[in-house]
């Protein structure tokens with residue numbers, strides 16, 4: 001059975017495909033002249049949205065990147081079908097599509113997430129980048145430090161295998177792997193599993209697939225509001241650093257959506273998709289400002305993004321556009337929405353909870369926009385485009401690890417999930433939302 005928040009988000013996103021379902025079978029394919037994409041069930045939806053509890057079929061379109069509660073469709077401010085969902089407004093809340101078919105429960109795959117992996121190295125190297133002093137486990141530090149250690153990790157080859165991207169790094173000891181080393185007589189090696197924090201909006205990826213962000217600098221130009229969170233002093237620095245990492249990712253999302261707008265124009269996309277991407281970029285500006293404000297609320301001096309080296313638009317090809325949109329939007333934004341919803345559910349401060357719920361709701365709108373964009377591209381390009389999306393999904397399934405059982409961390413007071421909670425959210429997003437959505441593409 002899916003967790004309730006996963007089911008709600010799935011039902012919020014399904015109409016993004018239902019609005020365009022059924023047209024694929026008549027489109028031309030770039031390879032064989034005719035797309036033979038399987039008929040897709042049209043999904044209704046009266047499930048509640050992740051952010052505001054509004055119904056997914058009460059007259060709101062899900063394919064334009066707009067909030068589900070603004071009552072406007074992609075083109076003319078009207079609902080997709082006189083105030084009902086794309087087929088007949090029937091509820092999917094009981095796990096059924098609107099035409100009576102069950103929503104497929106896929107076999108448990110290996111889900112993609114933000115960058116994650118494992119690393120084993122000498123105790124000395126582990127202690128060099130260890131987090132705050134905690135009781136040792138098997139003679140090793142139980143956790144490694146976050147983003148502040150990127151430079152040290154990048155310079156020393158002993159850390160090869162640890163992520164050196166733009167987000168904060170979270171690494172916890174892998175006791176089973178470390179104990180295995182001890183059984184072979186290796187008393188000096190410490191093993192860890194790690195994950196990078198990157199729920200902050202749609203990533204802006206370069207030609208290598210690495211996220212691009214601006215460096216932060218002193219300044220209050222992006223500070224949305226000044227307030228303080230009631231946190232233990234021991235948690236403030238770590239929480240502030242994580243919110244600043246998210247601020248940089250949200251800022252980069254502005255560039256990602258604007259680049260996507262240019263790429264969509266190059267392939268003749270309809271106005272509602274262009275409008276949705278422009279609105280999403282405006283949303284991400286506010287998300288970046290809110291993250292800067294949350295870092296300040298945790299005690300950080302005001303920071304703002306500096307100059308950013310924005311990647312150029314990529315080749316105008318429907319298959320390429322759909323595959324990249326799947327990774328950056330369908331996976332990235334779907335996961336971000338679920339992460340933020342779970343962070344909001346664990347927050348105690350009312351202002352913090354409200355901010356996280358707002359971000360979650362808008363990220364779910366962006367996810368719906370991404371799925372609608374992929375569906376449109378498949379309808380235009382046919383089987384060649386569909387296969388490109390499936391191939392990218394398969395790459396992610398095969399190379400990234402499973403999530404673990406979630407264990408809450410101390411930074412919940414600051415609206416932050418623990419490493420295992422992040423992994424679990426990404427696992428649940430893939431299994432419970434992304435796989436069923438992929439199945440409905442064809």
Looking only at the stretch 259-285, which residues are surrounded by fewer than 20 Cβ atoms within 10 Å (Cβ to Cβ) and within 19 Å of residue 221 (Cβ to Cβ)?
282, 285
Exactly one of (1) buried (at least 19 other Cβ atoms within 10 Å of the Cβ); (2) at pLDDT below 85; (3) more than 21 Å from residue 409 (Cα to Cα); (4) in contact with a helix residue (DSSP H, G or I) (Cβ under 9 Å, 6 or more places away or on another chain) is unmet by residue 168. Its number?
(3)
Checking residue 249 against (1) modelled with pLDDT under 95; (2) surrounded by fewer than 16 Cβ atoms within 10 Å (Cβ to Cβ); (3) under 30 Å from residue 320 (Cβ atoms), which single condition isn't satisfied?
(2)
Contact list, first residue from the stretch 241-253 and at negative phi and touching a residue at least 40 places away in the same chain (Cβ under 8 Å), second anywhere and assigned to a helix (DSSP H, G or I) and surrounded by fewer than 24 Cβ atoms within 10 Å (Cβ to Cβ), beta-carbon distance below 7 Å, six or more apart or interchain, is 241/147; 241/148; 245/147
Surrounded by fewer than 16 Cβ atoms within 10 Å (Cβ to Cβ), modelled with pLDDT of 95 or more, in contact with a helix residue (DSSP H, G or I) (Cβ under 9 Å, 6 or more places away or on another chain) and assigned to a loop (DSSP other than H, G, I, E, B), is that true of residue 307?
no
Which condition does residue 260 not pass, out of (1) closer than 30 Å to residue 409 by Cβ; (2) within 20 Å of the chain's Cα centre (by Cα), if it passes all the others?
(1)
Members of the stretch 191-223 found to be crowded, with 24+ Cβ neighbours inside 10 Å, outside any loop (DSSP other than H, G, I, E, B) and modelled with pLDDT of 80 or more, listed by number
192
Just checking, which of 288, 319, 336 is surrounded by 24 or more Cβ atoms within 10 Å (Cβ to Cβ) and either at pLDDT 95 or above or in contact with a strand residue (DSSP E or B) (Cβ under 8 Å, 6 or more places away or on another chain) (or both)?
288
Among the residues of the stretch 409-425, count how many are surrounded by 23 or more Cβ atoms within 10 Å (Cβ to Cβ) and touching a strand residue (DSSP E or B) at 6+ places or on another chain (Cβ under 8 Å).
2
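The values are calculated or read from the model by the stated rules, or taken from the named source; none is laboratory data. It should be emphasised that the depicted structure is a prediction, and the values quoted were computed from it without experimental measurement. FYI the Cβ positions are ideal-geometry reconstructions off the backbone, even for glycines, and counts take in every protein chain you see.
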